[in-house]
Amino acid sequence: MGEGALRVQWLGTASHVVSSAQTTVLIDPFVSRPSFGELLLDRLRPKQSEIDKYIPEKVDLIVCGHSHFDHVLDAPMIAKLRGAKLAGSISTCMWARAEGVPESQLIAISPNGGTFGVGDFEVTFVPSHHGRVAFGRVPFPGEVREVPRVPARFWHYRMGGAFGILLRSRGITVYHNGSADLIDAELEGRKADVLLACLAGRKGTERYLPRLVRALSPSLVVPTHHDAFFA
């Protein structure tokens, strides 16, 4: 990988690795992938064997766009194993605390979003909406405001507020829209070279993709979050 390049790797669902020669960022890492039976019958646990198999040894930052289980389940264990910073909503940070991630590794993002830097990346959390994927509704809305008991059931992972993630490094911008909705006004004045666009639930959002593409004017659109959650 050249000094001026970014590499984007998809890990399934909304999970991506975005890396420069210097810095590695994970977005919504979720590789444990419990089966449908495990989801219904068991409390959810991250699987270190899958993390060791799929997650790079060097991780500088983990970002979670919202705190449903398929976005945040593995993030705390990865943060502990790799010593990475973990950024996300109050709910995301509560799940991290439940798993024993040190406060020094947490970056709490307010509902209004925020911008910070890690390595050669500038990271912006852009307020957004979650797609209405369950009978026209957002699944498991609300926040986790106290440290929860783990392991937990899938419905305990409240959405906690949704964000788009804008990454900028070496003059290249990548926008990750991890759920199929948006707030048009929050995207005014923002541009992205690469758009990672969630497809799950897109039919519940009027003109979702045209609005997203018109706002960000990407050169490349990569569909994501369209595969089987349990595979």
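Looking only at region 184-195, decide whether some residue is open to solvent by 60 Å² or more (accessible area, probe 1.4 Å) and in contact with a His (Cβ under 9 Å, 6 or more places away or on another chain).
No, region 184-195 contains no residue that is open to solvent by 60 Å² or more (accessible area, probe 1.4 Å) and in contact with a His (Cβ under 9 Å, 6 or more places away or on another chain).
Among the numbered criteria (1) over 26 Å from residue 131 (Cβ atoms); (2) buried (at least 24 other Cβ atoms within 10 Å of the Cβ), which single criterion is violated by residue 75?
That leaves (1) as the condition not met.
Which of (1) touching a Ser or Thr at 6+ places or on another chain (Cβ under 9 Å); (2) of a type outside the set (D, E, K, R); (3) part of a loop (DSSP other than H, G, I, E, B) does residue 167 not meet, given it meets every other one?
Unmet condition: (3).
Of the residues that make up region 207-215, is at least one in contact (Cβ under 8 Å) with a residue 60 or more places away in the chain, out of contact with any Leu (no Cβ under 8 Å at 6 or more places or on another chain) and open to solvent by 10 Å² or more (accessible area, probe 1.4 Å)?
No: zero hits.
Tell me, please, whether a residue that is of a type in the set (Ser, Thr, Tyr) and assigned to a strand (DSSP E or B) can be found in region 126-144.
First pass over region 126-144, keeping only residues of a type in the set (Ser, Thr, Tyr): 128.
Now narrow it down to the ones that are assigned to a strand (DSSP E or B): 128.
Yes; the residues of region 126-144 include at least one that is of a type in the set (Ser, Thr, Tyr) and assigned to a strand (DSSP E or B).
Could you list, in sequence order, all residues of region 4-34 that are in a loop (DSSP other than H, G, I, E, B), among the polar types (S, T, N, Q) and either surrounded by 18 or more Cβ atoms within 10 Å (Cβ to Cβ) or modelled with pLDDT under 95 (or both)?
To start, the set of residues in region 4-34 that are in a loop (DSSP other than H, G, I, E, B) comprises 4-6, 11-15, 20-23, 28-34.
Those left that are additionally among the polar types (S, T, N, Q): 13, 15, 20, 22-23, 32.
13, 15, 20, 23, 32 - these are the residues of region 4-34 that are in a loop (DSSP other than H, G, I, E, B), among the polar types (S, T, N, Q) and either surrounded by 18 or more Cβ atoms within 10 Å (Cβ to Cβ) or modelled with pLDDT under 95 (or both).
Condition first: closer than 25 Å to residue 231 by Cβ, in a strand (DSSP E or B) and in contact with a helix residue (DSSP H, G or I) (Cβ under 9 Å, 6 or more places away or on another chain). Can you find one or more residues in region 64-87 that meet it?
No, region 64-87 contains no residue that is closer than 25 Å to residue 231 by Cβ, in a strand (DSSP E or B) and in contact with a helix residue (DSSP H, G or I) (Cβ under 9 Å, 6 or more places away or on another chain).
Which ones in region 129-157 are without any contact (Cβ under 8 Å) to a residue 24 or more places away in the chain and of a type in the set (Phe, Trp, Tyr)?
Passing the criteria: 135, 155.
Exactly one of (1) buried (at least 17 other Cβ atoms within 10 Å of the Cβ); (2) outside any loop (DSSP other than H, G, I, E, B) is unmet by residue 203. Its number?
(1)
The values are calculated or read from the model by the stated rules, or taken from the named source; none is laboratory data. All figures in this text were calculated on a predicted structure; none of them were measured in a lab. In this analysis, Cβ positions are derived from the backbone assuming ideal geometry, glycine residues included, and neighbour counts consider all displayed protein chains. Only protein heavy atoms, including side chains, enter the accessible area calculation; ligands, DNA and RNA are left aside. Shrake-Rupley method; radii C 1.70, N 1.55, O 1.52, S 1.80 Å.
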